[in-house]
1. Got a sec to turn the phi values of region 107-121 into Karplus ³J(HN,Hα) couplings, 6.51 cos²θ - 1.76 cosθ + 1.60 with θ = phi - 60°, whole Hz, x for Gly and Pro?
2. How far apart, in nanometres, would the label points at residue 146 and residue 122 be if each is projected 7 angstrom from Cα along the Cα-to-Cβ direction?
3. Based on the Cβ-Cβ distance of residue 112 and residue 134, what FRET efficiency does E = 1/(1 + (r/R0)^6) give at R0 = 45 Å, to the nearest 0.05?
4. Taking amide H positions as placed 1.01 Å from N in the peptide plane, with prolines and chain starts having none, which residues 5 or more places from residue 37, or on another chain, fall under 5 Å of its amide H?
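Each reported figure results from applying straightforward, stated rules to the coordinates on display, with no laboratory input. Note that the structure is a prediction, hence the values are computed from the model and not measured. Heads up, the Cβs are rebuilt from the backbone with ideal geometry, glycines too, and the neighbour counts pull from every protein chain shown.
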Amino acid sequence: MSQHPHGPGGPRRPGGGQPPHLPGGPGPGLVPPRPPMTPQLRLLLRLTLLSLGVSVANGLVEAAAGPSTLPGMEDVVRVPGLPGGGLAAAVTLFGVVLTAALYALVWFPLRDQLQWGWVLGLVFCSLAVLGDVFDLAVYLLGGHLLPGLSTVVLVAVNVVWLVAASRPGVRAALR
């Protein structure tokens, strides 16, 4: 005889069968309905792609402008015995691939309206703005105006992204 309060087999569902299972979850549960996509979230998705494009373009401008250091620090970043051109191209390619992967970590969850993608985007974007402001100071002190200008554009796009991400319509569309 079963000791379960609902009889043998446990509680019954009105329609019969097993309760729905959350993907990756340890047991039965209900999948929450997806909230409607808001215009603010659509804007944030477009700004994410714009930021990706500007970031890649900024990386290419920085690579084409050559190494940028503070005056008197040129020897610190030079590696004896390594050719500069091939190494610079490999580092630039690696940077573009890494940048695209990090943006994908934000864009795809945002597209699926998952809150963790929004949180990750806030963290990445905030860190990027802080790092880019430091880069901007280095470029301007070193006299590198073109990379400085492209970095200003990147900072502006990322600040707009942060402002758009803080809109209530974005949070309302996430689950």
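1. Result, ordered by residue: 5, 5, x, 5, 4, 7, 6, 9, 5, 5, x, 5, 5, 4, x Hz.
2. Reported label-point gap for residue 146 and residue 122 is 3.8 nm.
3. Numbers: r = 33 Å, r/R0 = 0.73.
Calculated value: 0.85.
4. Result for residue 37 returns nothing.
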